[in-house]
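Undergrad: Could you have a look at this structure, given as structure tokens, before my questions?
The values are calculated or read from the model by the stated rules, or taken from the named source; none is laboratory data. As the structure is a prediction and not an experimental result, all values here were calculated from the model. Note that each Cβ is placed from the backbone with ideal geometry, even for glycine, and that neighbours are counted across all protein chains shown.
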4 protein chains.
Amino acid sequence: MIIQLQNKINLSQREKINEAIKAINYKAAEVKTQYANYLVCIGKNDFDIRSIGSLEGVKDVHRVSESYKLVSRKWKVNHSVVDLGDGVTIGNNGLTIMAGPCSIENETQVRKIVAHLKENSIRIMRGGVFKPRSSPYAFRGLGIEGLKMFSAICRENGIKIITEVMQVSQIAEMHDYVDVFQVGARNSQNFNLLDALGEVDKPVLIKRGMSGTIDELLQSAEYIFSNGNEKLILCERGIRTFENAYRNTFDINAIQVLKDKTHLPVIADPSHGVGIRDYVSKIAMAGAVAGADGVIYEVHEIPEEAASDGQQTLNFEESKLLCQKLRMLEEVRV
Amino acid sequence: MIIQLQNKINLSQREKINEAIKAINYKAAEVKTQYANYLVCIGKNDFDIRSIGSLEGVKDVHRVSESYKLVSRKWKVNHSVVDLGDGVTIGNNGLTIMAGPCSIENETQVRKIVAHLKENSIRIMRGGVFKPRSSPYAFRGLGIEGLKMFSAICRENGIKIITEVMQVSQIAEMHDYVDVFQVGARNSQNFNLLDALGEVDKPVLIKRGMSGTIDELLQSAEYIFSNGNEKLILCERGIRTFENAYRNTFDINAIQVLKDKTHLPVIADPSHGVGIRDYVSKIAMAGAVAGADGVIYEVHEIPEEAASDGQQTLNFEESKLLCQKLRMLEEVRV
Amino acid sequence: MIIQLQNKINLSQREKINEAIKAINYKAAEVKTQYANYLVCIGKNDFDIRSIGSLEGVKDVHRVSESYKLVSRKWKVNHSVVDLGDGVTIGNNGLTIMAGPCSIENETQVRKIVAHLKENSIRIMRGGVFKPRSSPYAFRGLGIEGLKMFSAICRENGIKIITEVMQVSQIAEMHDYVDVFQVGARNSQNFNLLDALGEVDKPVLIKRGMSGTIDELLQSAEYIFSNGNEKLILCERGIRTFENAYRNTFDINAIQVLKDKTHLPVIADPSHGVGIRDYVSKIAMAGAVAGADGVIYEVHEIPEEAASDGQQTLNFEESKLLCQKLRMLEEVRV
Amino acid sequence: MIIQLQNKINLSQREKINEAIKAINYKAAEVKTQYANYLVCIGKNDFDIRSIGSLEGVKDVHRVSESYKLVSRKWKVNHSVVDLGDGVTIGNNGLTIMAGPCSIENETQVRKIVAHLKENSIRIMRGGVFKPRSSPYAFRGLGIEGLKMFSAICRENGIKIITEVMQVSQIAEMHDYVDVFQVGARNSQNFNLLDALGEVDKPVLIKRGMSGTIDELLQSAEYIFSNGNEKLILCERGIRTFENAYRNTFDINAIQVLKDKTHLPVIADPSHGVGIRDYVSKIAMAGAVAGADGVIYEVHEIPEEAASDGQQTLNFEESKLLCQKLRMLEEVRV
């Protein structure tokens, strides 16, 4: 059960609510976010929910039987919109496009891609500066100095930034240079990182784990929300299966399942979802007609020379064509 | 290596070709189909392919290193079209829609669905009379009498029939009442059935196995082709993964991978691909923009009362809307 | 619900039982096997099972809620023993060893392997004459003539034969030369084949499908049992996963799960379960301590020259050592 | 290529080695561990390895083509032994048993389990104080104070401790109270954590990821080793598959594959590997005969009342019996 409290609740009202929760043998966790105060109540007894709903100080109350609570659509039926400012939103019925290189490499690269994004009216740029790599000997990204450069160029050009955070100690140093923190597939159940991102007032995009279930993704989102941050975006990026003809199996089914189970926006990542450049655009389009709130893909002036993931990265021409098709589909899917 | 022979080849030309194959230590399997005569040659030595190509009686020759040969696009670059007659084709750049119930139940049911198909300009009806069921105690279909009734109504109305064949002994009795034989997921590697269907001059649609790889699907198609039947259609219908939020994981990636690897048409089955009625239309649309040559889905007047698979079956209104959307997408994807 | 009938039941007793089943709105399927007559009753209503159990002509009655019925341990708590005659049994608390080549190749090969089996007190020989192969161009086995030769040599030497049957039409011709029919992984849900094997009075070993669930394996066994054949053996042979370091993932967990869910004997196939010769013996031993009723593995005088599956086949020395270790473990596991 | 340097190498020798590496266009990463100094050299050119081996200051040199290097058996053929002091070792041909509760709960619980371990000659106790939980509302462990209590009781009794570390900031505070740091499945690719554990001179046990490949596990170990810590132990704990009859699929094949690919010791975790109490002992025994260097399992005085994972936890009697059987098997497997 979730109880949303009135903003102007007084102490005695609050105590009566606590007593009512105790009376039915539930345990309450208090959650304060940017937007509201909630009590997430866990228990097993049956009771009349109206007895809680009628208490003073209670704004709203709902039963949520899922293991995830605050991110469930049983709690909030309307879809949430994440607002990055300057008119850039995610989850507002439209299709938000995010694009950029796998890794930030240097100033020239960033400037060229920023120019490409502006020409195609893309408002959000992706690009990694802390790179999780299977091998310790691979390129691990430019680090915080790379992020500062990346951020300066983007702000100059009205472009928002999404980039991956890998550990708790990076959050503070990255904070001022980032518009959306990204949690990668390998950190999808790094619970300490999720806890810490819950204490930040910046949007967080969480990728589904390598072979994470849909329920696990929602519980990971619940970690962040229950620590105080409602600005959440989910991302389907393919799962691991027995098929070896491509990198991952993009789970097209997951888009609608997620839209049904949660009020959070859902983004499709076709670059990791298939991992083969020739197929990325088709998977992006499939994600769009399946109902995704946006698409995030990898683009580079010369994919063959990218510092990482070149085999799944579009060039500018392919990217331009994809944007045109995605916008045509946006009209069809309404 | 595949060698296509001239139609009017004479014995001495043929012998010289055999000698040339022996000379390089290859073994040749002779394949006669509706359209042509081929020699599929298997071996390991390196040789100058022009020495074969220049022989009299050879129409065409190509190396094909894959384990599947005649179905490979390395052999035939242009996509194959399967023609059902009366202007009904599959693989002709357009999007072919096939729809119908999971099981044929009775005459009234068939007539109602046929009327629905005609209203929506759908020319091919699916419907099972031999049903593979996990449990021996479940409904196994109306059998051959049901097929005769189904066929009579469809022919009356200019509708083509696709239906599943489960074993070799059914082929002859079904032959005259069927336009496309369907091989189900569980029989995807029933090699005796595939062999026998290679000897029939009717199109065959092969579904990917429960957890069959893309290469295995192509090798199953090779079984039929190498027995003499070129009229083949492949069908992606979802694979088994760890995710339990739906029935199967529709492998959207497979559509383009297949279109690249083979010249055969590729059909999407969203009903089995996700298994939940509310999501079927979105998956069908995704399959279409991903490049499928067609879509096959389950429809019933009252899905809740269907003899089988009701939970993944559209009603007439949902089906009508889906057809409209699929046709809009057909224009976008050109 | 399963009802076992008395052998000497009369018509009026039988009718009263039918009426009692109808009265609770259940449907009964009659099953006659080598050993007994059963009524498998399917329905949803709640009722007092004693009202059935007290009827004349009823020998035993139990509720079985699983989708498989007659193979469930809810029906029969004691483990079944399959008796091949001449003192060769499977499921009798001991560890039955079966070994032999992937494919029967020629008389010399069979004689050498038979001699090896006798030296190591192995009483059952495996060996395929009908080989399911992914590619139509691969070796498909010696066929029925090979089986006759194989059978003659084995009978001469007191060795029992297990070999794969691939289609219904082979059952009759194979019948007299076979001691155990094997259903391969790819035919695990070939329901027509299962139906037909239910009508034969010979033991059948069913392999788990490529990615078949444990429940599906049990339902496949139910197909055979419900057609009249109780002499069933189940075989775990590895499942398909994302891991590519070996051929299949041997599901060691499945052994005990199966022993709990069914009364049928369970055999481990380490050759297919891992697919790498060096590891086969260790997996066989693991299967034995995990509680398998037997082990089936591939052995050949010169694995490197085997017609198929040589990479997972033991030579005679390795096989001898494995037998010794398996017999040591047999004592430990008691 | 890996170069092990002489301990007493001088600067000019070192420079000549660097030049030789540059000359063949390789990049060298310097690795200093508790035991030795290495240069891990990455490049693509072909060269005569003897030209490196003959340089002064080079103790040993080998090519290692795998993506993991220092943990490969191509580098070090002899199996590594991890020594915890006081005669407790892992990887020394014997079978090391580790057991304990999922979560440390209180002093009484720890004392009772310690007594049980001593009675059964088990020298290492597992027990979590920082618990990764899918849901943010679940019990997350007693934390550092729990560890101090746990440690005090164990030291008093000559028992070594293995416990999970979840984030970098916990390493320092845990350091003095831990004998083996455990990295859980969900953190198997938490590369920052792995980096940091490479700088500690304490053994680390790394669990395979939920659906991590064997190669990924080895690369995770390479992270720690390449940061300076050679004291590594790998743990197979089951992978995620389509089968739902149990928690995870224990990958029995992985034991031998790992023993072949790496010189590090390999431990089996049957509790997570199957997740069902009744089957844990059989899976432990299977792991032992398959060649594991040890077994880690969950035990509790009253599993039904355990704070977490009770459904896969043995009671004292079951644990005692398992120890006896494991020791019997230890003799068989030699």
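Undergrad: Residues to consider are A:189, A:182; find the one that is modelled with pLDDT of 95 or more and within 12 Å of chain D (Cβ to nearest Cβ).
TA: None of the other options fit; the residue is A:189.
Undergrad: Scan segment C:159-191 residue by residue and report those that are of a type in the set (Asp, Glu) and part of a strand (DSSP E or B).
TA: Listed by number, the list holds a single entry, C:164.
Undergrad: Can you tell me which residue within segment A:257-273, out of those that are crowded, with 24+ Cβ neighbours inside 10 Å and either within 7 Å of another protein chain (Cβ to nearest Cβ) or β-branched (Val, Ile, Thr) (or both), is farthest from the chain's Cα centre (by Cα)?
TA: Filtering first and then ranking leaves A:262.
Undergrad: Here is a follow-up. Take segment C:155-172 and flag every residue that is within 14 Å of chain B (Cβ to nearest Cβ) and either among the hydroxyl-bearing types (Ser, Thr, Tyr) or surrounded by 15 or more Cβ atoms within 10 Å (Cβ to Cβ) (or both).
TA: Those that are within 14 Å of chain B (Cβ to nearest Cβ) and either among the hydroxyl-bearing types (Ser, Thr, Tyr) or surrounded by 15 or more Cβ atoms within 10 Å (Cβ to Cβ) (or both): C:164, C:165, C:166, C:167, C:168, C:169, C:170, C:171.
For (1) in a loop (DSSP other than H, G, I, E, B); (2) more than 30 Å from residue B:259 (Cβ to Cβ); (3) modelled with pLDDT under 95, each residue gets a yes or a no:
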residue	(1), (2), (3)
B:99	no, no, no
B:115	no, yes, no
B:121	yes, no, no
B:135	yes, yes, yes
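Undergrad: Continuing with this model, one more query. Considering each of B:177, B:137 in turn, give the residue that is at the interface with chain C (Cβ under 9 Å from one of its Cβ atoms) and more than 15 Å from the chain's Cα centre (by Cα).
TA: B:137
Undergrad: Which residues, taken from segment A:228-256, are in contact with a helix residue (DSSP H, G or I) (Cβ under 8 Å, 6 or more places away or on another chain) and more than 19 Å from residue A:184 (Cβ to Cβ)?
TA: Selection gives A:243, A:245, A:246, A:252, A:253, A:255, A:256.
Conditions tested, residue by residue: (1) touching a residue at least 60 places away in the same chain (Cβ under 8 Å); (2) of a type in the set (Lys, Arg); (3) more than 27 Å from residue B:323 (Cα to Cα).
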residue	(1), (2), (3)
A:258	no, no, no
A:268	no, no, no
A:279	no, no, no
A:282	no, yes, no
A:299	yes, no, yes
A:308	yes, no, yes
A:318	no, no, yes
A:325	no, yes, no
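Undergrad: Kindly check whether there is at least one residue in segment A:69-90 that is within 30 Å of residue D:208 (Cβ to Cβ) and not assigned by TED's automatic domain parsing to the domain that holds residue A:160.
TA: yes
Undergrad: Only one residue in A:214, A:224, A:276 is touching a strand residue (DSSP E or B) at 6+ places or on another chain (Cβ under 6 Å) and either at the interface with another protein chain (Cβ under 9 Å from one of its Cβ atoms) or crowded, with 24+ Cβ neighbours inside 10 Å (or both), so which one is that?
TA: A:224
Yes or no, residue by residue, for (1) aliphatic (A, V, I, L, M); (2) over 22 Å from the mean Cα position of the chain (by Cα):
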position	(1), (2)
D:15	no, yes
D:27	no, yes
D:47	no, yes
D:71	yes, no
D:77	yes, no
D:89	no, no
D:98	yes, no
D:113	yes, yes
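Let's see how each residue does on (1) basic (Lys, Arg); (2) in the same structural domain as residue B:162 (by TED's automatic domain parsing); (3) farther than 24 Å from residue B:321 by Cα:
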position	(1), (2), (3)
B:106	no, yes, yes
B:110	no, yes, no
B:113	no, yes, no
B:124	no, yes, no
B:127	no, yes, no
B:131	yes, yes, yes
B:134	no, yes, yes
B:138	no, yes, yes
B:144	no, yes, yes
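Undergrad: While we're on this one: Cβ-Cβ distance below 9 Å, separation of 6 or more or different chains: which pairs start in segment C:100-112 with a residue that is closer than 11 Å to residue C:310 by Cβ and end on one that is of a type in the set (Ser, Thr, Tyr)?
TA: Hits for this filter: C:101/C:308; C:101/C:313; C:102/C:271; C:102/C:308; C:102/C:313; C:103/C:308.
Undergrad: A further question on this structure: Can you pull out every residue in segment C:227-244 that is farther than 26 Å from residue C:39 by Cβ and either more than 11 Å from chain D (Cβ to nearest Cβ) or in contact with a Leu (Cβ under 9 Å, 6 or more places away or on another chain) (or both)?
TA: C:235, C:236, C:237
Undergrad: For residues that are surrounded by 13 or more Cβ atoms within 10 Å (Cβ to Cβ) and acidic (Asp, Glu), tally how many sit in segment B:31-70.
TA: Counting residues in segment B:31-70 that are surrounded by 13 or more Cβ atoms within 10 Å (Cβ to Cβ) and acidic (Asp, Glu) gives 2.
Undergrad: Can you find a residue that is in contact with a helix residue (DSSP H, G or I) (Cβ under 7 Å, 6 or more places away or on another chain) and closer than 17 Å to residue A:252 by Cβ anywhere in segment B:207-214?
TA: The answer is yes, given that some residue of segment B:207-214 is in contact with a helix residue (DSSP H, G or I) (Cβ under 7 Å, 6 or more places away or on another chain) and closer than 17 Å to residue A:252 by Cβ.
Undergrad: Being touching a strand residue (DSSP E or B) at 6+ places or on another chain (Cβ under 8 Å) and farther than 19 Å from residue D:280 by Cα: is that true of residue C:296 here?
TA: On the way: touching a strand residue (DSSP E or B) at 6+ places or on another chain (Cβ under 8 Å): yes; farther than 19 Å from residue D:280 by Cα: yes.
Yes, satisfied.
Undergrad: Quick check on this structure: which one of C:298, C:330 is part of a helix (DSSP H, G or I) and acidic (Asp, Glu)?
TA: Every option except C:330 fails the conditions.
Undergrad: Further, regarding this structure: Restricted to segment C:71-93, and to residues that are at positive phi and in a loop (DSSP other than H, G, I, E, B), which residue is modelled with the lowest pLDDT?
TA: First, the residues of segment C:71-93 that are at positive phi: C:85-87, C:91, C:93.
So of that shortlist, the ones also in a loop (DSSP other than H, G, I, E, B) come out as C:86-87, C:91, C:93.
Working: C:86: 96, C:87: 96, C:91: 96, C:93: 89.
By that ranking, first place goes to C:93.
Undergrad: Another question about this same structure. Suppose the filter is assigned by TED's automatic domain parsing to the domain that holds residue C:253, out of contact with any Cys (no Cβ under 8 Å at 6 or more places or on another chain), farther than 30 Å from residue B:29 by Cβ and hydrophobic (A, V, I, L, M, F, W, C); does residue C:193 pass it?
TA: In short, no.
Undergrad: For segment A:146-173, name all the residues that are of a type outside the set (A, V, I, L, M) and within 23 Å of residue A:120 (Cα to Cα).
TA: Residues satisfying the conditions are A:150, A:151, A:154, A:155, A:156, A:157, A:158, A:160, A:163.
Undergrad: I'm checking my understanding of the structure. Among residues of segment D:44-85 that are charged (D, E, K, R) and more than 30 Å from residue D:206 (Cβ to Cβ), which one is nearest to the other protein chains (Cβ to nearest Cβ)?
TA: That would be D:46.
Undergrad: Hey, any hits in segment D:305-327 for a residue that's more than 19 Å from the chain's Cα centre (by Cα), in a strand (DSSP E or B), more than 8 Å from every other protein chain (Cβ to nearest Cβ) and surrounded by fewer than 24 Cβ atoms within 10 Å (Cβ to Cβ)?
TA: Scanning segment D:305-327 turns up at least one residue that is more than 19 Å from the chain's Cα centre (by Cα), in a strand (DSSP E or B), more than 8 Å from every other protein chain (Cβ to nearest Cβ) and surrounded by fewer than 24 Cβ atoms within 10 Å (Cβ to Cβ).
Undergrad: Something else about it: Kindly establish whether residue B:288 is crowded, with 24+ Cβ neighbours inside 10 Å, touching a residue at least 60 places away in the same chain (Cβ under 8 Å) and within 14 Å of chain A (Cβ to nearest Cβ).
TA: yes
Undergrad: Does segment A:1-22 hold any residues that are aliphatic (A, V, I, L, M) and surrounded by 12 or more Cβ atoms within 10 Å (Cβ to Cβ), and which are they?
TA: At the first step, the residues of segment A:1-22 found to be aliphatic (A, V, I, L, M) are A:1-3, A:5, A:9, A:11, A:17, A:20-21.
Across segment A:1-22, the qualifying residues are A:1, A:2, A:3, A:5, A:9, A:17, A:20, A:21.
Undergrad: Further, regarding this structure: Looking only at segment B:45-56, count every residue that is outside any loop (DSSP other than H, G, I, E, B) and polar (S, T, N, Q) and tell me the total. So that I can check it myself, show each step before the final result.
TA: Here is the first cut: in segment B:45-56, the residues outside any loop (DSSP other than H, G, I, E, B) are B:50-53.
Add one more test, that the residue is polar (S, T, N, Q), and what stays is B:51.
Count: 1.
Undergrad: Let me ask something additional. Return only the number of the condition from (1) polar (S, T, N, Q); (2) in contact with a Gly (Cβ under 7 Å, 6 or more places away or on another chain); (3) over 14 Å from residue D:233 (Cβ atoms) that residue D:188 does not satisfy.
TA: (3)
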